[in-house]
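The values are calculated or read from the model by the stated rules, or taken from the named source; none is laboratory data. All of these numbers come straight from a predicted model, not from anything done at the bench. Positions of Cβ are backbone-derived with ideal geometry, glycine not excepted, and every protein chain shown enters the neighbour counts.
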Amino acid sequence: MKIHTFKGGIFPPERKELSRDCPITDAFPSTKMVTIPVTQGGAPNTPLVKVGDVVAKGQKIAASDKFMSAPVHASIAGTVRKIQNNMVTGNGEALCIVIESDGSDRTDYMPPLDPFTCDEKDAIARIKDAGIVGMGGAQFPTHVKMSPPPDKEIDYVLLNAAECEPYLTVDERTLQEDTAKVIDGLAIVLRIMGAEGKIALETNKAYIKPLLEKEIAAKGYGDDMCVELIKSKYPQGCEKNIVDALLGREIPSGGLPADAGALIMNVGTVCAISDAFRLGKPLIERALTISGGACEKPCNLRVPIGTMVGDLIPEVFTLKRGETSKIISGGPMMGFAMTNAMFPITKGTSGITFMTRSETYLVDETPCIGCGRCVEACPMHLTPVMMVRSLKANNFDEAKKFGLMDCIECGCCSYVCPANVRLVQRFRLGKSVIRQQMADKKAAEAAKAAVATSAAPANQNGGTK
Amino acid sequence: MTEAEKNAIYLSSSPHYTKGTKTQYLMAMVLIALLPECVYGVILFGLRALITIVVSVVSAVVFEALFQLLTKQNVCVNNLSAAVTGVLLALVLPSTIPIWMVVLGALFAVVVAKGLFGGLGANVFNPALTGRAFLFVSFGSAMGASWLNLESGVNKWDFHATGVLPLDALSSASIDAISSATMDAISSATPLSQMKAGTFVVDGDTLLQFFLGNRSGCIGETSILLILISFVFLLVTHVIDWRAPLGMVGTVAIATLISAWTKLGSFSEALPEVAMALLAGGLMFGATFMVTDYATTPVTKPGRFVFGVGAGLLTFLIRTFGGYPEGVMFSILIMNALAPFLNYLTARKYGYGKKAHQKRVSKKIVQTFDTATAKTEVTK
């Protein structure tokens, strides 16, 4: 059996043993309240409900008329209590709808739809109506992903079961517990796209392979999908690397996976797709891993979207007293450090990691010694050290030449740096400066054009003075 | 630590994970790798070599700390980089060098070549080699500039084979009192100068003695065997990259082979010359410890390889056509100056070039082929 991989990358301690044997259990916030961000992926939504409205589970509560958007649904039945800003992943504030449960289980699902007989357009519409977005973290609307421009043909759909981020085990559990749902969801996507499916499983989860193959054989999907093993390496689950490892193709710079003929799906996303068709159930709950050294009993949970992490403590899980140094929404490589636990779990939250002081690092930068370890680790084959040097010299053009805009912010360079240089942080800053410059330039050109057409006499007046 | 401090929640940009390899660790690994050369140098050249090493390390560390104090920087000699510079400097000096010169060399290395350029990681030229070059051009005779009296020293280096070396006499004598013949015995330049003059005869035993390190030279450069062990150690512990060393040694070998082959007209006769070019002088030491210096060599893989090839080519050219019998030091220093430009030689970025634009096997073609065959079957 060939084990696929890519060049570069790192081997961080996985620490998946903390939670890999914990079955996914259902959990409910202790306050009986959920705080659902109005926009979770895609263009900004506007609320469809107002304070005091009674909503049912699965009822659409926020939407936008833009194609590049995904609606949001009530994840519990109850009353809308507040519509206000709340801290969300990324430490920014966003408009959220607060619903208090009335203890009932009233649902307002869509009617089930047979994905294998319905029209492709209806199928895409169903995925949009179910509010399905990429559940790996990026929250990109799935129906947009599945509607590539006509000149780009998708011939492979890759199910991303790499889960290369340390600590996280939710995909690993889902593959075992909901095998049928995963395979069904993938089959639906394959049917809509008319493509071949590959399930990319990291070797540390190779024991799940027979389980998946059994299910594929039982359903008779053997000709359409297969399970491929990929090396346990970070960031094996990054779209760009998984396409390279499995298909030997690269996504062109600035392009989408569709440019390489591939579509990449998260394990949670295909489960949600299966539910959307079979049960008519929109994306209103998600499974996630709660882990980290500061966590008393790491676990895998399934919670309603909008559950505040803090509302699960201490009823669902507890923290070791005085041990937590960082609260991370996501895993330690690409997650966001949060100021406190009062933020809602959204469609893209695959885990919460509570890290102790010894697990994370809190040391200062020392001078770069030019060892070149970052160059070796970069999965995009960029030159991180030269990008940082160029940025320090305010030479943005050179930074771009060394690959600044191609950086995927995976964190491999910072991870291996012996001087603890905050490479990724500097790249994020550099990228935002460049984007701002580009926007400013565009605005200036537009303003110039407007002035040239309308205000010529005013200019002449100014000139005579 | 108070309870409140313990409970502090920290914010930072991802990643929140580190491998934990520290600069200090890398420097310590280099020091460990240098240990065999130091020990053997002391065995071969005696107490004087030990004094040179100790003085060099101590003065490098002290000067670095003083410089950092004076320029109001944080004193960070605990990252061991000054210690590495000290050891490297001592190992590329002859054991007969007066102690005050060692101190001066160390001062030049850590203050002029490193501190004034901005300290750790910002220096352009290899500090140890710059220190050596400074001593070399300032005090030529003490540094074993014996090519000046090439003719007087003939095969004096083989008294090492007898295991008797007038080291005690040397260390107590002042440099001026040492005869030029003895200078030859100590200088690394001797076999190379003889090779240059065409008076050097290579046989199997000579090669073996050179490989084992039973010869004269600078304190750390004599035993090729030990240097190879250090090289492998640094390679397997991922402290150094193989590209620059192999590029350098390979280039010297190939260039010497071509030159000797054309000169001697026979491949088999040229081989010992190649072997001698690799074993004599400071090539192996430079290739292991100097062209792998982080700050003064390129960071990219192609850049490192070109750096090695360039250093190897310059070494060969200086040895063959230059005014000095040995060219390792100057070739590396010259390439150091080019290193920032070699950093523009980068690997192909992901998403650019062929692999990103390769044609996909279209599924539609397969389907039209199927319908075509189906149709022909129907018409039949």
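One line per residue, one yes/no per condition, for (1) farther than 29 Å from residue A:16 by Cα; (2) at pLDDT 90 or above; (3) not assigned by TED's automatic domain parsing to the domain that holds residue A:9:
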{"position": "A:190", "(1), (2), (3)": "yes, yes, no"}
{"position": "A:200", "(1), (2), (3)": "no, yes, no"}
{"position": "A:204", "(1), (2), (3)": "no, yes, no"}
{"position": "A:212", "(1), (2), (3)": "no, yes, no"}
{"position": "A:243", "(1), (2), (3)": "no, yes, no"}
{"position": "A:256", "(1), (2), (3)": "yes, no, no"}
{"position": "A:259", "(1), (2), (3)": "yes, no, no"}
{"position": "A:268", "(1), (2), (3)": "no, yes, no"}
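Can you find, within the stretch A:337-357, the residue that is farthest from residue A:42 (Cα to Cα) among those that are hydrophobic (A, V, I, L, M, F, W, C) and either facing another protein chain (nearest Cβ under 7 Å) or free of Cβ contacts under 8 Å to residues at least 24 places away in the same chain (or both)?
Narrowing the stretch A:337-357 to residues hydrophobic (A, V, I, L, M, F, W, C): A:337-338, A:341-343, A:345, A:352, A:354-355.
After this cut, where a residue has to be either facing another protein chain (nearest Cβ under 7 Å) or free of Cβ contacts under 8 Å to residues at least 24 places away in the same chain (or both) as well, the list is A:337, A:355.
Numbers: A:337: 23, A:355: 30 Å.
Applying the filter and picking the extreme gives A:355.
For residue A:112, indicate whether it is over 30 Å from residue A:311 (Cβ atoms), in contact with a Phe, Trp or Tyr (Cβ under 7 Å, 6 or more places away or on another chain) and exposed (fewer than 15 other Cβ atoms within 10 Å of the Cβ). Reasoning before the result, please.
Details: over 30 Å from residue A:311 (Cβ atoms): yes; in contact with a Phe, Trp or Tyr (Cβ under 7 Å, 6 or more places away or on another chain): yes; exposed (fewer than 15 other Cβ atoms within 10 Å of the Cβ): yes.
The answer is yes for residue A:112.
Would you kindly identify the helices (runs of 4 or more DSSP H) lying entirely within the stretch B:1-84 that contain at least 1 residues that are touching a Ser or Thr at 6+ places or on another chain (Cβ under 9 Å) and within 11 Å of chain A (Cβ to nearest Cβ)? Steps first, please.
On the way: elements: B:3-6, B:23-45, B:47-70.
Result: B:3-6, B:23-45.
Residue-wise test of (1) within 12 Å of chain B (Cβ to nearest Cβ); (2) under 23 Å from residue A:96 (Cβ atoms); (3) in contact with a Lys or Arg (Cβ under 9 Å, 6 or more places away or on another chain).
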{"position": "A:240", "(1), (2), (3)": "yes, no, no"}
{"position": "A:247", "(1), (2), (3)": "yes, no, yes"}
{"position": "A:261", "(1), (2), (3)": "yes, no, yes"}
{"position": "A:267", "(1), (2), (3)": "no, no, no"}
{"position": "A:279", "(1), (2), (3)": "no, no, no"}
{"position": "A:294", "(1), (2), (3)": "yes, no, yes"}
{"position": "A:329", "(1), (2), (3)": "yes, yes, no"}
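Taking the stretch A:310-334 on its own, how many of its residues are closer than 15 Å to residue A:355 by Cα and in contact (Cβ under 8 Å) with a residue 40 or more places away in the chain?
6
Scan A:86, A:91 and give me the residue that is touching a residue at least 60 places away in the same chain (Cβ under 8 Å) and either on the phi > 0 side of the Ramachandran plot or within 14 Å of chain B (Cβ to nearest Cβ) (or both). Full working, then the answer.
Details: A:86 fails: either on the phi > 0 side of the Ramachandran plot or within 14 Å of chain B (Cβ to nearest Cβ) (or both).
Of the residues listed, the single one that is touching a residue at least 60 places away in the same chain (Cβ under 8 Å) and either on the phi > 0 side of the Ramachandran plot or within 14 Å of chain B (Cβ to nearest Cβ) (or both) is A:91.
Can you tell which of A:103, A:134 is over 22 Å from residue A:201 (Cα atoms) and either in contact with a strand residue (DSSP E or B) (Cβ under 7 Å, 6 or more places away or on another chain) or modelled with pLDDT under 90 (or both)? First the steps, then the outcome.
Numbers: A:134 fails: over 22 Å from residue A:201 (Cα atoms).
It is A:103.
If a residue has to be charged (D, E, K, R) and outside any helix (DSSP H, G or I) to count, how many in the stretch A:417-439 make the cut? Outline the logic, then answer.
Pass one, the stretch A:417-439, residues charged (D, E, K, R): A:422, A:426, A:428, A:431, A:435.
Imposing the further condition that a residue be outside any helix (DSSP H, G or I) reduces the set to A:422.
Residues flagged as charged (D, E, K, R) and outside any helix (DSSP H, G or I) within the stretch A:417-439 amount to 1.
How about the stretch B:211-256: which of its residues are in a loop (DSSP other than H, G, I, E, B), of a type outside the set (S, T, N, Q) and away from chain A (no Cβ under 14 Å)?
First pass over the stretch B:211-256, keeping only residues in a loop (DSSP other than H, G, I, E, B): B:213-223, B:237-242.
Still in the list and also of a type outside the set (S, T, N, Q): B:213, B:215, B:217-221, B:238-242.
Listed by number, the residues that qualify are B:213, B:215, B:217, B:218, B:219, B:220, B:221.
Return a yes/no flag: does the stretch A:187-198 have any residue that is part of a strand (DSSP E or B) and either out of contact with any strand residue (DSSP E or B) (no Cβ under 6 Å at 6 or more places or on another chain) or of a type in the set (Asp, Glu) (or both). If you could, list the steps in order and put the result at the bottom.
Filtering the stretch A:187-198 for residues part of a strand (DSSP E or B) gives A:196-198.
Narrowing the set further to residues that are either out of contact with any strand residue (DSSP E or B) (no Cβ under 6 Å at 6 or more places or on another chain) or of a type in the set (Asp, Glu) (or both) leaves A:196.
There is at least one residue in the stretch A:187-198 that is part of a strand (DSSP E or B) and either out of contact with any strand residue (DSSP E or B) (no Cβ under 6 Å at 6 or more places or on another chain) or of a type in the set (Asp, Glu) (or both).
Considering only residues of the stretch A:50-107 that are basic (Lys, Arg) and surrounded by fewer than 17 Cβ atoms within 10 Å (Cβ to Cβ), which is nearest to residue A:143 (Cα to Cα)?
Quick first cut of the stretch A:50-107, residues basic (Lys, Arg) only: A:50, A:57, A:60, A:66, A:81-82, A:106.
Cutting the leftovers down to surrounded by fewer than 17 Cβ atoms within 10 Å (Cβ to Cβ) gives us A:50, A:66, A:81-82, A:106.
Working: A:50: 28, A:66: 12, A:81: 31, A:82: 30, A:106: 27 Å.
Checking each candidate, the answer is A:66.
Quick one: in the stretch A:121-137, which of the residues that are closer than 14 Å to residue A:305 by Cα and hydrophobic (A, V, I, L, M, F, W, C) is farthest from the chain's Cα centre (by Cα)?
A:130
Just a yes or no: is a residue in the stretch A:246-267 touching a Leu at 6+ places or on another chain (Cβ under 9 Å) and of a type in the set (S, T, N, Q)? Step through it out loud before you land on a result.
Within the stretch A:246-267, the first condition is being touching a Leu at 6+ places or on another chain (Cβ under 9 Å), and the residues that meet it are A:246-247, A:257, A:260-267.
Cutting the leftovers down to of a type in the set (S, T, N, Q) gives us A:266.
Yes, because at least one residue in the stretch A:246-267 is touching a Leu at 6+ places or on another chain (Cβ under 9 Å) and of a type in the set (S, T, N, Q).
Test residue A:360 against the stated conditions and say whether it is part of a loop (DSSP other than H, G, I, E, B), more than 10 Å from chain B (Cβ to nearest Cβ) and touching a strand residue (DSSP E or B) at 6+ places or on another chain (Cβ under 6 Å).
On the way: part of a loop (DSSP other than H, G, I, E, B): yes; more than 10 Å from chain B (Cβ to nearest Cβ): no; touching a strand residue (DSSP E or B) at 6+ places or on another chain (Cβ under 6 Å): yes.
No.
Looking at A:163, A:228, which one is out of contact with any Asp or Glu (no Cβ under 8 Å at 6 or more places or on another chain) and surrounded by 18 or more Cβ atoms within 10 Å (Cβ to Cβ)? Walk me through how you get there before you give the answer.
Numbers: A:163 fails: out of contact with any Asp or Glu (no Cβ under 8 Å at 6 or more places or on another chain).
Sole residue among the options that is out of contact with any Asp or Glu (no Cβ under 8 Å at 6 or more places or on another chain) and surrounded by 18 or more Cβ atoms within 10 Å (Cβ to Cβ): A:228.
State the number of residues belonging to the stretch A:449-465 that are surrounded by 10 or more Cβ atoms within 10 Å (Cβ to Cβ) and at pLDDT 70 or above.
Matching residues across the stretch A:449-465 total 4.
How about the stretch A:139-157: which of its residues are within 14 Å of chain B (Cβ to nearest Cβ), of a type outside the set (D, E, K, R) and either assigned to a loop (DSSP other than H, G, I, E, B) or under 18 Å from the mean Cα position of the chain (by Cα) (or both)?
Residues of the stretch A:139-157 within 14 Å of chain B (Cβ to nearest Cβ): A:148, A:150-157.
From what is left, the residues that are of a type outside the set (D, E, K, R) are A:148, A:150, A:154, A:156-157.
Within the stretch A:139-157, A:148, A:150, A:154, A:157 qualify.
Condition first: within 7 Å of chain B (Cβ to nearest Cβ) and part of a loop (DSSP other than H, G, I, E, B). Now tell me which residues in the stretch A:403-416 satisfy that. Write out each step before concluding.
So the first thing to find is which residues in the stretch A:403-416 are within 7 Å of chain B (Cβ to nearest Cβ), and the list is A:403, A:406, A:411, A:414-416.
Passing the criteria: A:403, A:411.
Filter the stretch B:251-280 down to the residues that are of a type in the set (Gly, Ala, Ser) and under 18 Å from the mean Cα position of the chain (by Cα), then identify the one that is modelled with the lowest pLDDT.
The first filter runs over the stretch B:251-280 and keeps only residues of a type in the set (Gly, Ala, Ser), leaving B:253, B:255, B:259-260, B:265-266, B:268, B:270, B:275, B:277, B:280.
Now drop any that are not under 18 Å from the mean Cα position of the chain (by Cα), which leaves B:253, B:277, B:280.
Values: B:253: 95, B:277: 89, B:280: 85.
Restricting to residues being of a type in the set (Gly, Ala, Ser) and under 18 Å from the mean Cα position of the chain (by Cα), the top hit is B:280.
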